[in-house]
Amino acid sequence: VSKFAGRARVTIYDPRTVGVDRSSENLTDLLTHAVERQLISVVYQPIFELDTGRLLGHETLMRLREVDGRAISPDVFIPAAEQSGAIVDLGMWVIDQACADMARAGLGTVIAANISAVQLKAPNFSLRVAEILNRHGLAPHQLALEVTERIDLIPEPQVSRNLDHLQNLGVQMWLDDFGTGYAGIGWLRRFEFDIVKIDRSFLNECQTAQGVRMLHGMVSLLRSLGRTVLVEGVETEEQKQLLRRLGVDLVQGYLMGRPEPISEVLRGRRNLVA
Ligand code: C2E
Ligand code: MG
Ligand code: MG
Ligand code: MG
């Protein structure tokens with residue numbers, strides 16, 4: 001049997017593949033009931049100042065499990081939730097949960113939550129965010145909303161109204177996955193992002209001199225525009241040293257800390273210096 005035939009058979013009979021096919025039908029249903037069935041949760045990954053090692057805050061990442069306990073990747077369920085519209089309620093639940101956890105933890109640091117364009121199009125989005133901050137007694141600047149550059153954020157009036165209202169409240173706006181999507185330099189001109197997160201693919205390419213020059217150029221551009229620069233996906237000490245030389249402000253990655261549940265964040269809070 002050739003290698004190719006072997007692979008083809010695996011593809012056909014692999015139960016995980018069958019599961020994926022089936023879940024594309026059931027995923028919408030799963031997502032719609034995920035909150036009430038307690039299949040959704042949040043984990044937190046720390047973000048540090050590179051110079052001082054001080055903890056700036058945590059990024060909030062959504063997790064989804066099937067009823068049998070198997071994890072579904074965000075790269076699978078987030079797009080599905082965006083398509084079905086379920087992301088509006090799930091995204092609100094995540095912000096609420098993160099604010100509740102962090103208010104209770106009393107760290108006084110920043111919570112960064114990822115949001116989709118779909119959420120920014122909902123007319124009451126900024127009002128609901130303001131209500132959540134109020135209810136948990138958090139200052140608006142303690143919340144950051146990460147907008148990914150992967151989406152084509154059409155400047156609809158509703159999107160602009162939400163963004164303006166959030167920025168007037170004092171909520172931070174961060175640009176996620178910089179360098180990978182539609183936005184590029186145009187967005188930097190239009191929106192006053194507080195922090196720009198450079199996608200980890202650029203760090204991965206730093207094994208070559210060309211890759212280092214590319215990252216250096218991006219960092220210099222962002223800093224000359226007055227933006228605070230965060231590089232995500234830091235996995236090695238060498239990468240951290242390189243980022244120090246390039247003048248990067250903030251870092252996030254497995255080297256400093258993996259995403260973990262609030263219980264673990266609280267347990268390790270005395271050691272929160274990178
Ligand atoms: P993102 O916002 O760019 O988040 C960073 C991703 O990189 C996370 O994957 C994180 O676990 C992973 N990561 C962090 N440090 C390292 C590292 O050192 N090495 C490597 N290899 N990976 C690292 P995750 O949790 O699977 O999330 C994937 C994407 O799903 C996120 O990318 C974000 O776009 C989306 N997402 C996650 N949670 C939410 C949410 O609540 N709402 C929305 N709208 N999107 C979300
Ligand atoms: Mg993010
Ligand atoms: Mg990111
Ligand atoms: Mg990314």
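For this structure, a couple of remarks:
- Debye, to nearest 20: dipole size of the stretch 233-272, +1 on Lys, Arg Cβ, -1 on Asp, Glu Cβ: 180 debye
- Note on the stretch 84-166: Rg/Rh from Cα positions, Kirkwood definition for Rh, rounded to two decimals, is 0.96.
- Summarised in one figure, the compactness ratio Rg/Rh of the stretch 34-89, Cα atoms and Kirkwood Rh, is 1.12.
- Positive-end residue, the chain charge dipole about Cα centroid, Cβ charges, pick of A117, P46, T148: P46
- D_trans [Stokes-Einstein, Kirkwood Rh over alpha-carbon pairs] for the chain, 10 °C, 1.306 mPa s, µm² s⁻¹: 79 µm²/s
- Spread over its residues, the convex hull of the C-alpha atoms of the stretch 178-274 is 116 Å³ per residue.
- Element breakdown for the stretch 37-77 at a 1.4 angstrom probe: carbon and sulfur atoms account for 48% of the accessible area.
- Measuring nothing but protein heavy atoms, the accessible surface of the stretch 171-244 at 1.4 Å probe radius is 48 percent carbon and sulfur.
- Surface accessible to a 1.4 Å probe, per residue, for the residues of the stretch 124-274, Å²: 52 Å²
- Solvent-accessible surface of the stretch 41-109, taken per residue with a 1.4 Å probe and all protein chains present: 42 Å².
- Note on the chain: antiparallel DSSP beta bridges, both residues inside, total approximately 35 percent of the bridges counted.
The values are calculated or read from the model by the stated rules, or taken from the named source; none is laboratory data. Nothing here was measured: the structure is a model prediction, and the numbers come from that model. All Cβ positions, glycine included, derive from the backbone under ideal geometry; neighbour counts span all protein chains shown. Quick note on the areas: whole protein, heavy atoms, side chains included, nothing else; ligands and nucleic acids left out. Shrake-Rupley method; radii C 1.70, N 1.55, O 1.52, S 1.80 Å.
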